[in-house]
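The structure under discussion appears below in the form of structure tokens.
The values are calculated or read from the model by the stated rules, or taken from the named source; none is laboratory data. Fair warning: this is a prediction, and the values are worked out from it, not measured in the lab. Neighbour counts are summed over all protein chains in view; Cβ atoms, including those assigned to glycine, are modelled from backbone coordinates with ideal geometry. Surface areas here come from the heavy atoms of the whole protein model, side chains and all, with no ligands, DNA or RNA. Shrake-Rupley method; radii C 1.70, N 1.55, O 1.52, S 1.80 Å.
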Amino acid sequence: MLSMTEAKPSLLKIADKLSIRFQKTGSGPPLLLLHTIRTQLEYFRSLAPLLARSHTVYAIDLPGHGHSPIDPNANFDEPYFRRAVIRFIEELDLSNVTLVGESIGGALALTVAASLPQRMKRVFAINSYDYETRYGDGIRRGNWFANFIIGSLQIPVLGAINASLENKIVLGKIMGGGYHDPRKLPADLLAEFDEVAHRSGYKRVARKVLAGWRSWSKARDYYRQISAPVTLIYGDSDWSRPDERERTRSLIPAAQMVTLKNTGHFSAVETPSELARVILATE
């Protein structure tokens with residue numbers, strides 16, 4: 001069985017202006033991994049091999065993220081990403097799918113499950129990013145630095161300037177606000193995220209994702225339509241608040257909720273073994 005470092009990513013064209021980079025590992029029933037805001041399929045490099053022992057794991061770069069092509073005219077809001085994931089599943093004709101998503105990937109796992117009930121087996125929504133009440137709300141809760149930088153990105157001219165000045169140090173301080181222990185952010189993974197950020201148009205996409213903040217809260221409107229079993233997983237140090245987690249749980253029929261100890265928003269990196277244990281035990 002190939003590990004993520006050995007399996008070569010592929011590019012799947014699903015529309016004229018939309019292609020998705022993905023990596024397929026393991027064997028067994030299909031399991032689709034949906035990453036967080038501002039990351040890519042390498043985000044799951046520690047989690048995917050654990051799940052690939054019993055599943056065929058598909059890890060993708062969401063549109064405009066990682067090395068997936070960028071359509072500069074796209075909106076990059078929740079409906080855009082949801083349609084892309086649906087098309088990916090349909091193009092590969094996947095059925096009996098387990099969806100595992102973190103952050104915006106968690107919200108997408110839930111809205112995709114609501115839209116494709118006939119293809120779903122189970123959903124694991126981790127630290128679902130469905131509570132924003134302002135631009136960059138979740139990320140800005142990480143620390144004062146993240147609050148200042150992310151908040152500034154919505155300001156005309158200044159936002160574009162600050163986005164262009166982002167480097168590995170700045171990105172590390174912002175992402176560190178999403179960890180229970182910031183030392184758990186691997187330097188080489190951060191370097192990969194930073195390198196990708198130098199792609200033409202990438203930082204503009206990042207700002208457009210943040211500009212679509214209202215769409216991630218509106219995602220909750222779909223949750224009552226979910227028929228597949230759902231497990232909500234939260235790090236005890238996630239950006240979401242207890243009342244926001246409970247609101248999400250109350251909207252999903254018979255949803256279970258699990259809390260990971262000593263874990264922040266980026267659980268697939270911070271505590272991958274514990275996360276895999278929860279997923280595989282429930283599966």
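Could you tell me whether segment 113-120 includes any residue that is more than 13 Å from the chain's Cα centre (by Cα), small (Gly, Ala, Ser) and closer than 21 Å to Gly178 by Cβ?
Taking segment 113-120 first, the residues more than 13 Å from the chain's Cα centre (by Cα) are 113-120.
Add one more test, that the residue is small (Gly, Ala, Ser), and what stays is 113-115.
Now restrict to residues that are closer than 21 Å to Gly178 by Cβ: none.
There is no residue in segment 113-120 that is more than 13 Å from the chain's Cα centre (by Cα), small (Gly, Ala, Ser) and closer than 21 Å to Gly178 by Cβ.
What are the residue pairs meeting all of these: first residue in segment 249-269, first residue under 23 Å from Leu47 (Cβ atoms) and at pLDDT 95 or above, second residue among the polar types (S, T, N, Q) and surrounded by fewer than 16 Cβ atoms within 10 Å (Cβ to Cβ), Cβ atoms under 7 Å, and 6 or more apart or on different chains?
none
Residues that are among the small types (Gly, Ala, Ser) and touching a helix residue (DSSP H, G or I) at 6+ places or on another chain (Cβ under 7 Å): list the helices (runs of 4 or more DSSP H) wholly contained in segment 28-123 that include at least 3 such residues.
Here the list reads 104-115.
For Leu34, work out the one condition from (1) within 28 Å of Arg245 (Cβ to Cβ); (2) hydrophobic (A, V, I, L, M, F, W, C); (3) surrounded by fewer than 24 Cβ atoms within 10 Å (Cβ to Cβ) it doesn't fulfil.
The single condition Leu34 does not satisfy is (3).
For segment 149-160, state whether one or more residues are assigned to a loop (DSSP other than H, G, I, E, B), out of contact with any Pro (no Cβ under 6 Å at 6 or more places or on another chain) and open to solvent by less than 10 Å² (accessible area, probe 1.4 Å).
Looking for residues that are assigned to a loop (DSSP other than H, G, I, E, B), out of contact with any Pro (no Cβ under 6 Å at 6 or more places or on another chain) and open to solvent by less than 10 Å² (accessible area, probe 1.4 Å), one finds none in segment 149-160, hence no.
With respect to the numbered conditions (1) within 16 Å of Val230 (Cβ to Cβ); (2) outside any loop (DSSP other than H, G, I, E, B); (3) of a type outside the set (A, V, I, L, M, F, W, C), which one is the sole condition not fulfilled by Tyr129?
The number of the failed condition is (2).
Just checking, which of Ala219, Ala197 is open to solvent by less than 30 Å² (accessible area, probe 1.4 Å), within 30 Å of Asn96 (Cα to Cα) and hydrophobic (A, V, I, L, M, F, W, C)?
Ala219
Just to be sure, is Ser237 within 28 Å of Pro49 (Cβ to Cβ), touching a His at 6+ places or on another chain (Cβ under 8 Å) and either among the hydroxyl-bearing types (Ser, Thr, Tyr) or open to solvent by 10 Å² or more (accessible area, probe 1.4 Å) (or both)?
Numbers: within 28 Å of Pro49 (Cβ to Cβ): yes; touching a His at 6+ places or on another chain (Cβ under 8 Å): yes; either among the hydroxyl-bearing types (Ser, Thr, Tyr) or open to solvent by 10 Å² or more (accessible area, probe 1.4 Å) (or both): yes.
Judged against the criteria, Ser237 is a match.
Kindly establish whether Ala206 is open to solvent by less than 40 Å² (accessible area, probe 1.4 Å) and modelled with pLDDT under 95.
Details: open to solvent by less than 40 Å² (accessible area, probe 1.4 Å): yes; modelled with pLDDT under 95: yes.
Criteria met by Ala206.
Output the qualifying pairs, or none if there are none: Cβ atoms under 8 angstrom, residues six or more apart or on different chains, first residue in segment 113-134 and without any contact (Cβ under 8 Å) to a residue 40 or more places away in the chain and of a type outside the set (Gly, Ala, Ser), second residue part of a helix (DSSP H, G or I) and open to solvent by less than 10 Å² (accessible area, probe 1.4 Å).
Close Cβ pairs (under 8 Å, with a partner that is part of a helix (DSSP H, G or I) and open to solvent by less than 10 Å² (accessible area, probe 1.4 Å)) amount to Leu116/Ile89; Arg119/Ile89.
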